[in-house]
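The numbers here are math on the coordinates, done by the rules we state, and not lab data. Predicted, not measured: the structure shown is a model, and the values here were computed from it. Note that we place each Cβ from the backbone using ideal geometry, even for glycine, and neighbour counts take in every protein chain shown.
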Ligand code: SAM
């Protein structure tokens, strides 16, 4: 794996940057400090890999901004061994951050091109999600439910009902909600039909699209 001292140094700086923006969960900061983000990016952007910015990847999609990845991850309050569903695998970066935290990762991607790339790429750099699925995240993953946490990494116009159903009681769903600008929203499942809902400000994501391509 091409991960040099220079890259490690740049990652340490990135960790300081997201810390200064308010991320303080040590485990999340450690995970961001460990994942070689430059390997998840197309060659034209590699020099920018440790800037706190989103960048284009294939299929008109993006690798999320590290602060956003850390922010969503922090909201999930994950424990080792938790079962976590990610909707929107993209480059696989968020999935790698989750793997660093010792959780069992299930991740769904609807774009065949990205799915095919990630299925080979993540194991090649020693990240092993339990399942990487080519499918429609609006449906969640019934056969593996219930989940301790669900993270949606694309902007959703509404909360998909299956995702709420597939959470454990006490489970947490973090989802950016809205069309052009999204509000980061956290659902904590109190009972089968009762959720504690909190909002955490504006973010901008590519849209969560219907059905596979
Ligand atoms: N988590 C990704 C990462 O770390 O690189 C970033 C994800 S990118 C902002 C959003 C992803 O959601 C894209 O890869 C897009 O193809 C995917 N997506 C959009 N609609 C989807 C759907 N209905 N089901 C699953 N994935 C979807």
*Give, in whole angstrom and from largest to smallest, the semi-axes √(5λ) of the equivalent ellipsoid of the chain, with λ running over the eigenvalues of the Cα gyration tensor.*
25, 19, 17
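Looking at the stretch 103-213 from every direction and averaging, what is the projected area of its Cα convex hull in nm²?
Working: hull surface 28.6 nm².
Taking the Cα atoms of the stretch 103-213, their convex hull projects to 7.2 nm² on average.
Could you list 38, 7, 48 in order of exposure, starting from the residue whose Cβ has the fewest other Cβ atoms within 10 Å?
Details: 38 20, 7 17, 48 12.
Going from least to most buried by this count: 48, 7, 38.
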*Output the relative contact order of the chain, whole-number percent, from Cα pairs under 8 angstrom with separation of 6+ residues.*
15
*the stretch 127-196 and the stretch 48-98: distance between their alpha carbon centers, rounded to Å*: 15
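Could you sort 102-108, 83-89, 50-56 so that the peptide with the highest average Cβ count within 10 Å comes first and the rest follow in order? The partial results should precede the final answer.
Details: 102-108: 21.9, 83-89: 25.7, 50-56: 17.0.
Result, highest mean first: 83-89, 102-108, 50-56.
Over the Cα atoms of the stretch 102-159, Rg to Rh with Kirkwood Rh, two decimal places?
Numbers: Rg = 12.0 Å, Rh = 12.5 Å.
Computed over Cα atoms, the ratio is 0.96.
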*Rounded tilt (10° steps) of 5-20 against the dominant C-alpha axis of the chain*: 40
*Take the alpha-carbon positions of the stretch 1-40, form their convex hull, and give its projected area averaged over all directions (one quarter of the hull surface) in nm².*
2.8
*Base-10 log of normalised Debye intensity for the stretch 17-85 (one unit scatterer per alpha-carbon) at q = 0.23, 0.27 Å⁻¹*: -1.06, -1.24
*Which order do 208, 101, 173 fall in if you start with the one that has the fewest other Cβ atoms within 10 Å?*
101, 208, 173
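Can you check how the C-alpha radius of gyration of the stretch 160-211 compares to 2.2 N^0.38 Å, as a plain ratio? Don't jump to the answer; show the numbers that get you there.
Values: Rg = 11.8 Å, N = 52, 2.2 N^0.38 = 9.9 Å.
Rounded to two decimals, the normalised Rg is 1.19.
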